[in-house]
Each structure stands twice: as structure tokens, then as C-alpha cells.
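Derivation of every value follows stated rules applied to the coordinates shown; laboratory data play no part. If you're wondering where the values come from, they're calculated on a predicted model, not measured in any experiment. Virtual Cβ from ideal backbone geometry, glycine too; neighbours counted across all protein chains shown.
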Amino acid sequence: MIAVLLAALALAPPLPRELRVALTASAGAVAVDGRVTLSAAGAEPFAADRPELSAAGDRVRCGDRRLAPPVLVRGAPDLPPLQLRSLPGRASRARRYRGALLLFASAGCLTVVNHVALEDYLRGVVPAEMDPAAGAAALRAQAIAARSFALARCDGRRGASYDCTVSETQAYGGADAETAATDVAVAATAGQVLRVGKQVVEAVYSQCCGGVTNDPNEAWAAPMPGCTSRYDRPSEGVPELLEAELRTFLSAADGSWCRSDPSFRWELTLDRAELARRLGGLAAHARRGAGTGEVRGIEVAARGRAGRVTSLRLRGSEGDLTVVGDRVRWLFGEGDGALKSAFFAVEPAGDGVKLHGAGWGHGVGMCQAGAAAMAAAAKSTEEILAHYYAGARVEPVTP
């Protein structure tokens with residue numbers, strides 16, 4: 001059972017309370033609505049109304065000024081969040097961000113970074129990651145998981161310009177995403193993180209686990225303390241869903257917490273032409289080079305105990321290609337073209353294949369659909385987190 005401690009661990013290392021979040025690394029030009037103050041190295045701070053900013057080589061252009069990055073953009077403390085617009089596109093909707101903006105320039109492109117307090121950052125993450133209509137206990141669990149993930153992952157490893165990017169970490173909608181329900185969840189859990197020992201848990205999560213959470217070793221060949229594979233239901237035991245067991249699991253009625261999610265079970269039929277089209281970019285995702293020729297079929301080469309495909313073999317006219325881990329679902333395309341998960345069985349269908357799948361996402365850590373269902377069943381935040389992060393404790397961030 002997760003215990004909520006009232007005092008910080010004296011021996012725990014200090015953790016940052018602010019983050020530098022890269023919103024984009026390839027902006028052509030941006031505008032900041034309202035009156036702001038700009039500061040840059042070697043220049044006196046100056047005020048500007050609705051400044052338009054662009055890259056001029058390795059400098060940031062603002063009117064006739066060429067500023068050495070980083071350029072800091074701040075609004076007055078008593079004013080609403082900064083409003084950022086992309087240019088060109090004067091009619092583009094402004095997006096609001098709390099804190100300040102940092103701008104860097106390189107090769108004619110701007111990197112725009114939101115320098116924001118951790119708790120304000122979370123106000124823009126929680127509603128972007130979980131439906132604000134989910135129960136209060138689930139929203140609090142999401143806030144604690146997102147805070148833990150941010151502190152474990154965004155620790156400055158990306159260099160001096162920023163700590164993390166939106167595209168590689170958590171969805172972040174800035175001030176525009178904020179809602180009353182999620183603001184309450186963030187405030188109610190302020191400073192709380194998940195730890196295993198002294199280590200903050202990299203508390204990953206996904207939309208729907210399909211009835212079984214995934215093992216990070218099977219998804220990414222990387223251990224993650226606190227994240228293990230388990231059935232998403234009130235039961236004990238370690239899942240072992242190899243080929244025969246998986247087919248039974250996918251077809252049977254199931255008591256999983258996430259069973260009401262639309263992506264709990266899914267099917268996808270692909271003929272040979274569609275397989276070839278969807279797998280046309282496979283070389284960009286595979287460890288080895290291409291050379292398969294025409295893709296004629298796929299088969300599961302290996303499956304983990306959690307039921308996910310850990311090795312997928314593509315059969316081609318000029319040879320075979322094997323792809324491993326969570327990259328399997330990105331072979332089929334980007335965005336909406338990607339598979340919902342690597343949790344699927346394959347059967348022949350005409351000259352192609354049919355996939356019988358479960359869940360949406362990598363499946364590691366908290367199942368957001370399951371967490372919402374647990375909250376609806378009057379489970380507490382502590383019970384939700386204990387279910388998805390084995391052996392972790394909720395503790396305060398040290399000052």
C-alpha cells in the first residue's frame with residue numbers, strides 16, 4: 001500500500017521546481033501579444049508591444065534589433081499568461097503560456113522554450129493527458145504521475161537550452177488547457193511524487209492497457225522501477241500471455257478496469273497492397289537496413305509475457321526484416337496511421353492479414369482508462385497508484 005508521508009526525506013537529493021519546456025525547435029517566426037519586456041545577453045532590457053520575433057542566423061530579430069540568445073520574454077506579473085502566435089498566419093490562434101519564454105536561434109529557425117514553474121506546467125499537462133471529467137481520484141493520480149515523470153525525465157540532460165520537449169515527453173497545452181477540475185487535482189497533490197527508495201519513479205502511462213500492463217523491459221529493453229506487468233483487474237499473479245493464451249484472452253469476456261474504453265479491443269484488416277503502402281517507410285524505424293523488396297506478409301517472431309509483440313518479422317520478396325520492442329507499432333505509419341498498440345494477434349485474411357488487438361499506447365505504467373474506472377468505483381488515489389506502480393510510495397518533493 002502506498003503511504004502518504006507528511007515530511008520530506010532528509011537524505012533525498014533536491015529536485016528542480018521549474019522546467020524549461022521546448023514548445024518547438026523549428027519555428028520560422030512568432031509574435032507575442034500584448035506589452036512585454038525582452039532581455040538578451042549584452043543588451044539592456046526593453047519593452048515592446050506585440051513584438052514579432054524571427055531568426056537571423058544565430059541571432060533573434062526583433063524589429064531592427066539583432067539579439068544574442070537566449071532572449072527572455074516576460075509579461076508583467078499582474079497580467080494574464082503570455083500569448084504566443086506562429087507567423088506567418090496573422091489569423092492564427094494565440095496560445096497562452098504561464099511563466100516566461102526563452103528564444104534561441106540557429107540556422108534560420110527559432111527554438112521557443114517555456115520557462116515555467118513545475119506546478120503551472122502540470123496545470124497544462126493533466127487536462128491534456130486525461131479527460132477532466134474523470135473522477136477526482138484519477139485526476140489526482142494523473143497529477144502525481146505526471147509530476148514524477150517530469151522530475152525523473154526532465155533533468156537537464158538535453159543541454160543548456162531546455163530540459164525537455166513536448167513532443168518527446170508529455171502532452172502540454174499551456175494555460176489554454178487548464179480546467180477547474182484538473183487545477184484542483186494539481187493543487188491537492190502539490191509537491192507529491194512517486195518514489196522507489198530514494199529514486200523518483202519515471203511514472204509513464206498510456207491511454208488503455210487492454211487488460212494487461214506492459215513490462216518496460218519488453219517495450220524498451222530498459223528497467224523502470226515501479227513499473228511492472230500485471231492484470232488490470234483486482235487479481236494477483238504475473239501475466240503470461242503467449243500465443244495460445246493471448247488468443248483466448250482477446251476473445252473472452254474480461255473483468256479489466258479499462259474494459260469500457262473504445263480501444264480495449266480493436267481489429268485491423270490489411271490486404272497485401274495496404275501492407276506494402278503502410279510499411280513503405282519501415283527502413284526509417286528498423287535497426288537494420290531495408291532490402292525486403294515487396295512486403296508480402298508479417299508474422300510474430302517473439303511475444304513477451306505481457307502479450308505484446310516484442311519481435312515482428314516482415315516477409316518480403318527480397319528478404320525478411322525483424323523489428324523489436326515498441327517500435328513495432330510505428331512501422332505502420334505515423335500519427336493516426338500507427339497501430340494502437342503492439343498488443344495483437346495475427347491471422348491470415350485473403351492475401352493480407354487481420355490483426356486482433358487490445359489497448360492504445362505502450363501499456364507501461366498507469367492505464368488512464370483503468371484509473372478513471374477505478375475512481376468511478378470509489379477507489380482512492382493511493383489505491384490507483386498502488387495498482388499501477390508496484391512498490392512505489394507517494395512522498396513530497398524535497399525543498
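Name the trypsin sites (Lys or Arg not before Pro) in segment 78-118 that are in a loop by DSSP and that have at most 16 other C-beta atoms within 10 Å, would you?
90, 93
Provide the convex hull volume over Cα atoms per residue for the chain, in Å³.
That works out to 163 Å³ per residue.
Among 140, 315, what is the fewest-to-most ranking by other Cβ atoms within 10 Å?
Least to most surrounded, the residues fall as 315, 140.
Kirkwood Rh over alpha-carbon pairs of segment 208-364, then Stokes-Einstein at 10 °C and 1.306 mPa s: what D in µm² s⁻¹, rounded to an integer?
Taking Rh from Cα pairs, D becomes 100 µm²/s.
Which helices, taking whole DSSP H runs in the chain, have alpha carbons extending 15 angstrom or more along the helix axis plus mean Kyte-Doolittle at least 0.5?
136-153
Regarding segment 133-247, what whole-number volume in Å³ per residue does the convex hull of its Cα atoms give?
Cα convex hull per residue, to the nearest whole number: 160 Å³.
So for segment 18-118, what percent of the C-alpha to C-alpha distances run longer than 18 Å?
Tail fraction, whole percent: 40.
What is the fewest-to-most order of 36, 193 by other Cβ atoms lying within 10 Å of their Cβ?
36, 193
Take the eigenvalues of the Cα gyration tensor for segment 195-237, scale each by 5, and report the square roots as semi-axes in whole Å, largest first.
Semi-axes, largest first: 19, 13, 10 Å.
Per DSSP H run of at least 4 residues, take -39500 (n - 2.57); add these up for the chain, divide by its residues and hand me the 222 nm value, nearest 500 deg cm²/dmol.
Value at 222 nm, helices only, nearest 500: -5500 deg cm²/dmol.
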